[in-house]
Amino acid sequence: MRLDILAMPLSAQLRAQTAALHQQTEALLGLPHAIQSLQEYQGCLCKFLGLYAPLEHSMARFREWDQHGLTLPSPSQTQCLTADLAVLGIDPASISEAPPVLRPDLPTFSHALGALYVLEGSTLGGRMILRELDERIGPQISGATRFFGGRGATVGATWLIFKTALDAFGDARPSLRAEVVSGAKSVFQAITLWFAPLAGTSE
């Protein structure tokens, strides 16, 4: 690993080394423009739940979060998606999960930390997505906006707290940085593979 990369805070290293995958994922999802109707909104939430439920279950099996000043978000993305779908009249238990071959590989806590970086980062753009969706189909999704609405006005402060703990982990354990980056990349790659059929593309 280059010395200039190691000199960066871990959050900056992650941003730099996942930028191409991040852009690819955003282009594939095409949010918020890809959602023009209630049906498309429901389909999007179902698809996210199919991937995020097993992903967050995998992340939760690690017990090291508290040791590094981190906690898994509550409510989780899975809980938010489940609540939204219930409001929309969809039984979350009926949603098919992504098969193991398409799920991110998180063999260590460091990989799980990289996965959390992606999930936490996604909350930053959720409110902007929801703002446009509210203008387009707001009345139809009233009460079902916990996933994109996330933490509301606290999202910025929550991200800064997470980023501080993430950078401290990177400073204390430089040898594990590559695993964190690998975990983040695996989530972006999983989203791309899982959503490709919905987007009408193939990888």
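What to note about this one:
- Debye equation applied to the C-alpha atoms of segment 2-156, log10 I(q)/I(0) at 0.16 Å⁻¹: -1.00
- Net charge, residue 109 excluded, C-beta distance under 11 Å - Lys, Arg +1, Asp, Glu -1: +1
- From phi via Karplus (6.51, -1.76, 1.60), per-residue ³J(HN,Hα) for segment 124-134 in Hz, x at Gly/Pro: 5, x, x, 5, 5, 4, 5, 4, 6, 5, 4
- With contacts taken as Cα pairs under 8 Å and at least 6 residues apart, the chain reaches a relative contact order of 36 percent.
- Note on segment 77-203: the alpha carbon radius of gyration divided by the globular reference 2.2 N^0.38 Å gives 1.20.
- Local electrostatic count, residue 23, Cβ distance below 14 Å [Lys/Arg +1, Asp/Glu -1]: +1
- Taking a ≥ b ≥ c as the square roots of the eigenvalues of the Cα gyration tensor, segment 1-58 is oblate, since a/c reaches 1.5 or more and a/b is not larger than b/c.
Values quoted throughout were computed directly from the atomic coordinates according to the rules given, and no laboratory measurement underlies them. The structure presented is a predicted model; accordingly, all values stated were derived computationally and were not measured. All Cβ positions, even for glycine, are placed from backbone atoms using ideal geometry, and neighbour counts span all protein chains on display.
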